[in-house]
Amino acid sequence: MPGNWRTVAPKAFFFFQMGGFMCVQSPPILAQKGGHFFQISPFCWQPRNVEVIVLGYHRFGALPGGKDTLAIQPEVFRRQMKALKESGITVISMKDFLSWRRGEREIPARSALITIDDGYISGYATAWPILKEFKYPFILYLYTKYINVGGKSLSWKQLREMRDAGLEFGSHGVSHENMVCPRTLKEGDYQSWLTNELEGSRKILESQLNVPITTLAYPYGSHNIGIVQSAFRGGYEAMFTVNPVPVHFDSPSGSLGRFIISSTHPETFRNAVRTLNCTGGKTSTSRRTFLSLMAHSFLEYLKKTVH
Ligand SMILES: [Zn+2]
């Protein structure tokens with residue numbers, strides 16, 4: 001039946017309305033491809049416009065003899081936090097990051113997550129006051145053997161104080177051993193050791209802090225497909241490496257990139273920010289592909305109906 005613009009226009013309107021409806025309604029699909037997990041939402045292209053840099057810190061304070069590469073001087077840390085603000089980068093919480101990854105909400109196109117590993121007291125005493133100045137959320141990745149053991153470790157009391165202030169926590173294992181090749185595991189069952197590192201640490205943190213623990217930072221970033229699968233089975237939703245690449249909507253949840261900031265390589269922070277300044281918020285290839293497919297199919301439809 002021949003069509004004209006008067007009959008085509010309502011159909012086109014319906015077509016795009018349905019696109020919007022499916023975008024909101026379609027749940028993310030967890031698909032396994034080539035040994036890696038991808039979270040994809042086929043009808044919703046909007047979150048693909050977003051880029052997130054995940055910054056990984058450890059200790060804060062003066063450098064003893066300049067040798068502690070993972071200790072960041074407080075004034076350097078404050079300058080970096082200020083640089084995020086001045087670059088127009090939004091620091092988001094893990095809760096918002098995960099909601100975005102699930103396709104449940106949008107986040108600013110140029111976003112950053114701040115993570116602090118290992119559970120040193122300087123995260124509480126030095127970094128937290130600076131982060132409060134900027135009203136930035138952050139997440140602590142804790143290995144449970146190093147909690148409440150004195151010295152430079154954080155106590156459960158301090159962690160509960162941070163929890164009550166709305167801060168978030170993730171697991172960094174039990175022992176901080178390399179999960180691919182643990183040094184201290186001479187005999188015994190590797191899988192039960194790994195299960196304890198993943199699930200045991202999660203259960204300790206959840207019972208002591210009474211909050212859900214759904215993300216993990218691999219010690220030293222070490223992981224393989226077996227560890228990724230065990231972590232998903234063990235109740236984790238997102239796992240972080242030390243691979244300095246930004247996170248996109250379709251980045252594999254089992255090996256998300258993270259920029260580890262050290263005092264000897266200040267360029268890592270600059271590169272992370274530069275990455276966002278360069279590509280964050282720009283239309284991604286996948287979005288362009290999706291839009292061109294949409295345009296192509298709509299033109300095909302017009303060709304068939306308009307005479
Ligand atoms: Zn660590």
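Computed from the coordinates by the stated procedures, all read-outs in this text should not be read as laboratory data. From a predicted model like this one, the values you see are computed outputs, not experimental measurements. Neighbour counts run over all protein chains shown; Cβ positions are idealised from the backbone, glycine included.
Which of the residue pairs Lys67/Lys203; Lys67/Lys145; Lys85/Lys145; Lys85/Lys203; Lys67/Lys95; Lys82/Lys203 have a Cα-Cα distance greater than 30 Å in the structure shown? Spell out each step's value before the answer.
Working: Lys67/Lys203 35 Å; Lys67/Lys145 25 Å; Lys85/Lys145 35 Å; Lys85/Lys203 36 Å; Lys67/Lys95 35 Å; Lys82/Lys203 36 Å.
Pairs exceeding the cut-off: Lys67/Lys203; Lys85/Lys145; Lys85/Lys203; Lys67/Lys95; Lys82/Lys203.
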- Message: Pairs of alpha-carbon atoms within less than 8 angstrom and 6+ residues apart define the contacts here; what relative contact order does region 58-206 have, in percent?
- Response: 19 percent
- Item | Considering only region 47-281, percent of DSSP beta bridges that pair antiparallel, nearest 5 | 5 percent
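Enter the mean projected area of the convex hull around the alpha-carbon atoms of region 47-281, in nm², rounded to one decimal.
Working: hull surface 49.9 nm².
With every direction weighted equally, the projected area is 12.5 nm².
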- Message: Around Gly173, under 12 Å between beta carbons, what's the net of Lys plus Arg minus Asp minus Glu among the other residues?
- Response: -3
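By how many nm would the segment from Arg183 to Ser222 grow when fully extended, if each residue of separation counts as 0.36 nm and the alpha-carbon distance is taken off? Let's see the in-between values first.
On the way: separation 39, 0.36 × 39 = 14.04 nm, distance 1.31 nm.
Stretched out fully, the Arg183 to Ser222 stretch lengthens by 12.7 nm.
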- Task: Please identify which residues in region 85-124 have an amide N closer than 16 Å to a label point set 7 Å out from the Cα of Ser155, following the Cα→Cβ vector.
- Result: 120-124
- Query: Computed FRET efficiency, Cβ-Cβ of Tyr190 and Leu302, R0 51 Å: what is it to the nearest 0.05?
  - Reply: 0.30
